[in-house]
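Everything on this sheet refers to the single structure shown next.
What follows is calculated from the coordinates using simple rules that are stated; it is not laboratory data. Treat the numbers as computed from the prediction; the structure is a model and nothing was measured. So basically every Cβ, Gly included, is an ideal-geometry build from the backbone, and we count neighbours across all protein chains shown.
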Amino acid sequence: MKIAFVVQRYGKEVMGGSELHCRQVAERLAGTGHDCTVFTTTAKDYVSWKNEYPEGSTLLNGVAIQRYDVEKEREIDAFNSFSDQIFFNPRTHEDEIEWMDQQGPNSLRLLEAIADQQSRHDLFIFFTYLYYNTYWGLKRVSGKKALVPTAHDEPALRLGIMREVFSAPDAFVFNTLAEKTMLTKHFSFEGKYSDIVGVGVEIPKPQYSAGFSSKHGLESPFILYAGRIEPGKGCSELIDYFIRYHSRNPSINLVLIGKLLMELPAHPGIHYLGFLPPDEKNQAMAAALVSVHPSHLESLCMAALESLAIETPILVQGQTEPLKQHCVSGDCGLWYSEYADFAASLDLLLSDGNLRTALGRKGKEYVKQNYSWEKIIKKYERLFKNLVPSFGEIGV
């Protein structure tokens, strides 16, 4: 099966949710014998879309990559201002097209390559509904195409041009039931193939984390946040809640790991450890009493699943339905919507080791049952058989 993926950024240095999701799926499918090519840009940074990778073709972990330059960098302040204007005021179709142009990443050569090379591929899979390359790329592909929306309930979904995005694919690959349920309030998927798939999560070997705290100078137990550290991920709210909590329980620390995209306050209980390699990230998750996931905008949250895979329970923003659904379906964590809930939930989790152990064990089983790579690949191959009937005859 010859599969083309289209995504705004791609590479081992690109660790954003949907981009990493795309890379993991592409590499796993390539590892099972599929011929996988990724069409993407030379950008690493999703804020500016600055060209940083060299343009051209390369190979990474069995996946062919074709990168194309972005023609203009994004002016994020101007874009945010324009977004506020058209999201909450009357707008025209031309306004929405201008919004997509400012959104980016703008790469006409990428779109031309998709159109010129589509006959070489059995199926195109687009990752993330939100960007220029998806909106215009879907229009360039006349053959079979699927969309992995990775959607949040956000103002962009209510733009009229998004009806064009969600009417174009032949199939949809959702991350969670909560994501699909939310999207059906805005779009019809009648007559289209769809499945709830998500992404595979490795169950790591037991982590010997006793030395993690001493290595990083942590003298007290800690809760952990892993991911991009920015207001859009709920980190400002988390830090505010933690500082209030720490004032009455100074024996607990908050450790943050990942890319820092905001200023952190100087506080004795807050520790930023930078971007950790996978093995050390697993050690951090194993050493944490609880991992916290404060984002109001998630379609899956890989960090939460990685924490559960290592038997560390989760505390999540309950207004984010996919996060709350993990806790309810897996019986593996607690949730909050305001500070009082946050404090009460954290009190319970920190005071009851037996509860943490039980939630962690159930979380690991939840991940094994729903997010093993074997099951994820089988779901993708069901998609292939549905869209490309000859798939079962010609093999891979």
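Do the conditions hold for Thr42, that is, is it under 21 Å from the mean Cα position of the chain (by Cα), without any contact (Cβ under 8 Å) to a residue 40 or more places away in the chain and buried (at least 16 other Cβ atoms within 10 Å of the Cβ)? Yes, satisfied.
Among the conditions (1) more than 27 Å from Leu300 (Cα to Cα); (2) in contact with a His (Cβ under 6 Å, 6 or more places away or on another chain); (3) not basic (Lys, Arg), Ile97 misses just one, which is (2). Of all residues in region 104-135, those satisfying the criterion of being among the polar types (S, T, N, Q) and either over 18 Å from the mean Cα position of the chain (by Cα) or part of a loop (DSSP other than H, G, I, E, B) (or both) are Asn106, Ser107, Gln117, Gln118, Ser119, Thr128.
Quick one: is Ala266 aliphatic (A, V, I, L, M) and touching a residue at least 60 places away in the same chain (Cβ under 8 Å)? It is false that Ala266 is aliphatic (A, V, I, L, M) and touching a residue at least 60 places away in the same chain (Cβ under 8 Å). Can you tell me how many residues in region 174-186 are closer than 26 Å to Lys375 by Cβ and either touching a Pro at 6+ places or on another chain (Cβ under 8 Å) or surrounded by fewer than 18 Cβ atoms within 10 Å (Cβ to Cβ) (or both)? Counting residues in region 174-186 that are closer than 26 Å to Lys375 by Cβ and either touching a Pro at 6+ places or on another chain (Cβ under 8 Å) or surrounded by fewer than 18 Cβ atoms within 10 Å (Cβ to Cβ) (or both) gives 9. The residue list Gly56, Gly31, Gly104 contains one member that is farther than 19 Å from Ile161 by Cβ and in contact with a Lys or Arg (Cβ under 7 Å, 6 or more places away or on another chain), which is Gly56. Among the residues of region 59-96, those identified as part of a strand (DSSP E or B) and surrounded by 14 or more Cβ atoms within 10 Å (Cβ to Cβ) are Leu60, Val63, Ala64, Ile65, Gln66, Arg67, Tyr68.
The residue pairs whose first member lies in region 137-153 and is at positive phi and in contact (Cβ under 8 Å) with a residue 60 or more places away in the chain, whose second member is in a helix (DSSP H, G or I) and among the small types (Gly, Ala, Ser), and whose beta carbons are closer than 9 Å, counting only pairs six or more residues apart or on different chains, are Thr150/Gly17; Thr150/Ser18. State yes or no: is Pro322 surrounded by 20 or more Cβ atoms within 10 Å (Cβ to Cβ), within 30 Å of His34 (Cβ to Cβ) and not polar (S, T, N, Q)? Yes, satisfied. Of all residues in region 175-192, exactly one satisfies the criterion of being β-branched (Val, Ile, Thr) and closer than 15 Å to Arg158 by Cβ, namely Thr184. Checking the structure you have, find out if any residue of region 385-395 is without any contact (Cβ under 8 Å) to a residue 24 or more places away in the chain and within 22 Å of Arg23 (Cα to Cα). There is at least one residue in region 385-395 that is without any contact (Cβ under 8 Å) to a residue 24 or more places away in the chain and within 22 Å of Arg23 (Cα to Cα).
Scanning region 245-291 for residues that are exposed (fewer than 13 other Cβ atoms within 10 Å of the Cβ) and not in a loop (DSSP other than H, G, I, E, B) turns up Pro278, Asp279. So, Tyr131, is that one crowded, with 16+ Cβ neighbours inside 10 Å, without any contact (Cβ under 8 Å) to a residue 60 or more places away in the chain and of a type in the set (Phe, Trp, Tyr) or not? When the stated conditions are applied, Tyr131 does not pass them. The combined condition, being part of a helix (DSSP H, G or I) and under 20 Å from the mean Cα position of the chain (by Cα), is not fulfilled by Leu349.
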